[in-house]
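Some notes on the structure that comes next.
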Amino acid sequence: MRAMQLTAPGTLELRTVPIPELGPDDLLLRVGAAGICHSDSFVLGLPYPMGDRPLTLGHEIAGTIETVGTAVADRVVGERGIVYLCWSCGVCRECLGGNENVCLAAGRTAMPPCPGLGPDGGMAEYVRIPARSFVPIGDLDFAAAAPLADAALTPMHAIRGAMDQLRPGGTAVAIGIGGLGHVAVQLLKALTETTVLAVDVDPDKLALATACGADHTLLAGEGAAAAILDRTDGRGAEAVFDFVGSGAAAELAVPAGAPHRADRKGGHAG
């Protein structure tokens, strides 16, 4: 099969490699689409190798079950799905509590295996995955579904951590309406009854936020924090989600949040 592999620092090659062999708890997925994440660019730019062998990139994966392992014969060949990228043990107290990202089996690094960033990923014709990481998607388009494994999972993680603050009548602010932020707006509208305010430096991104369901939009810059306070009667937003990670975004997020919430997990999330 063909696979896009990182063969040396800064070097990507389209190579012909064997189709992966399955273990008893694995699935072989015929890849329908694989997203490109900023993490892939970061890995490509590292000055040192990721491991002692070429690595197939791609952790945003959608595809069709081609073959099933002997211990997961109940899975249906031909079923379509995406790949949950946190390959945790599934049985420790953190995994059972829904915190797979800090799986105890990963040790103090809290970095469970992730396809394309350790195990071979989905920028290939086929990928081997643990059966428990397969999430059915029905007829959803592969290209639309693949980024949900990361670009939707990341804001979902932040929003879930702030759900106790996102009550009816409150306000949630999303800063940065890019790959993560535009999904966050949709999740906030689907999961909460808060007023959603989107902030960005680009008017086109604000138009996207409106199309995704944002109740209000605000151009970032001087006076943006004051405008958020004005819209919330001086109280500030119950939750501010920063999807930019710049100094300017942080300087906006802190004063825009409700002061008595700022020391709690729902005060500022990103």
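The values are calculated or read from the model by the stated rules, or taken from the named source; none is laboratory data. Model, not experiment: these values are computed from the prediction. Neighbour counts are summed over all protein chains in view; Cβ atoms, including those assigned to glycine, are modelled from backbone coordinates with ideal geometry. With ligands, DNA and RNA removed, areas are computed over all heavy atoms of the protein, side chains included. Shrake-Rupley method; radii C 1.70, N 1.55, O 1.52, S 1.80 Å.
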Would you please give the residues with an amide H less than 5 Å from that of Thr67, counting only those at least 5 places away or on a separate chain, with H modeled from the backbone geometry? Leu28
Taking the alpha carbon gyration tensor of the chain, what are the square roots of 5 times its eigenvalues, largest first, to the nearest whole Å? 37, 20, 18
Placed amide H near Thr217: partners under 5 Å, 5+ positions off or other chain: Ala198
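In segment 58-188, carbon and sulfur make up what percent of the accessible area (probe 1.4 Å)? Could you put the intermediate results ahead of the total?
Working: 3310 of 5610 Å².
Carbon with sulfur: 59 percent of the solvent-accessible area.
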Between Gly236, Gly213, Gly45, where does the largest GNM mean-square fluctuation fall for the chain, given springs only between Cα atoms within less than 10 Å? Gly45
In order over segment 147-164: 3J(HN,Hα) from phi, Karplus 6.51/-1.76/1.60, θ = phi - 60°, whole Hz, x for each Gly or Pro, gives x, 4, 5, 9, 5, 8, 5, 5, x, 4, 4, 5, 5, 4, x, 10, 4, 5
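Quick one: compute the contact order of segment 1-95, relative version, from alpha carbon pairs under 8 angstrom and 6+ residues apart, as a percent. Don't skip to the end; give the middle numbers.
On the way: 147 pairs, mean separation 28.0, N = 95.
Contact order relative to length: 30 percent.
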In Å², what does the accessible area per residue of the chain work out to with a 1.4 Å probe? 49 Å²
Along the charge dipole of the chain, pointing to its positive end and built from +1/-1 on Cβ of Lys, Arg, Asp and Glu, which listed residue (Pro49, Leu27, Thr64) has its Cα farthest out? Leu27
When the chain is modelled as a GNM with alpha-carbon springs shorter than 10 Å, which of Cys92, Cys212, Cys37 fluctuates the most? Cys92
Any chance you could check the Cα centroid distance between segment 177-227 and segment 108-155 for me, in angstrom? 26 Å
Taking the Cα centre as origin and putting +1 on Lys and Arg beta-carbons and -1 on Asp and Glu beta-carbons, what dipole magnitude results for the chain, to the nearest 20 debye? 420 debye
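If a/c stays under 1.5 just call it rounded; otherwise compare a/b with b/c (prolate if a/b is bigger, oblate if not). Do that for segment 22-161, with a ≥ b ≥ c from the square roots of the Cα gyration tensor eigenvalues. Present the calculation step by step, with values, prior to reporting the outcome.
Values: a/c = 1.28, a/b = 1.12, b/c = 1.14.
Taking the square roots of the gyration eigenvalues as a ≥ b ≥ c, segment 22-161 is rounded.
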Once you order the gyration tensor axes a ≥ b ≥ c over the Cα atoms, which shape class does segment 159-257 get: rounded for a/c under 1.5, otherwise prolate or oblate by comparing a/b with b/c? rounded
Sum of side-chain charges, Tyr126 neighbourhood, beta-carbon under 13 Å (Lys, Arg +1; Asp, Glu -1): -2
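Starting from segment 88-194, pick out the GluC sites (Glu not before Pro) whose DSSP state is loop and whose Cβ has at most 16 other Cβ atoms within 10 Å. Intermediate values should be presented prior to the final figure.
Working: sites: Glu94, Glu100, Glu125, Glu193; in loops: Glu125, Glu193.
Counting only loop positions with at most 16 other Cβ atoms within 10 Å, the GluC sites (Glu not before Pro) in segment 88-194 are Glu125, Glu193.
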Determine the percent antiparallel among the DSSP beta bridges restricted to the chain, to the nearest 5. 65 percent
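Once a ≥ b ≥ c are taken as the square roots of the eigenvalues of the Cα gyration tensor of segment 145-187, is the result rounded (a/c under 1.5), prolate (a/b larger than b/c) or oblate (a/b not larger than b/c)?
On the way: a/c = 2.67, a/b = 1.70, b/c = 1.57.
Prolate shape, in that a/c is at least 1.5 and a/b is the bigger ratio.
How big is the dipole moment of segment 1-105 about its Cα centre under a simple scheme where the beta carbon of each Lys and Arg is +1, that of each Asp and Glu is -1, and everything else is neutral? Debye, nearest 20, please. The partial results should precede the final answer.
Details: 7 positive and 12 negative charges, 40 e Å.
Its charge dipole is roughly 200 debye.
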Among Leu148, Leu117, Leu12: highest mean-square fluctuation, GNM of the chain, C-alpha pairs under 10 Å: Leu12
Positive-end extreme of charge dipole, the chain - chosen from Pro115, Trp87, Leu14 (charges on Cβ): Trp87
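On a 1.4 Å probe surface of the protein chains, which of His216, His182 comes out largest in accessible area, and what is the full order?
Largest to smallest exposure gives the sequence His216, His182.
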In whole percent, what relative contact order does the chain give with Cα contacts below 8 Å and a gap of six or more residues? 16 percent
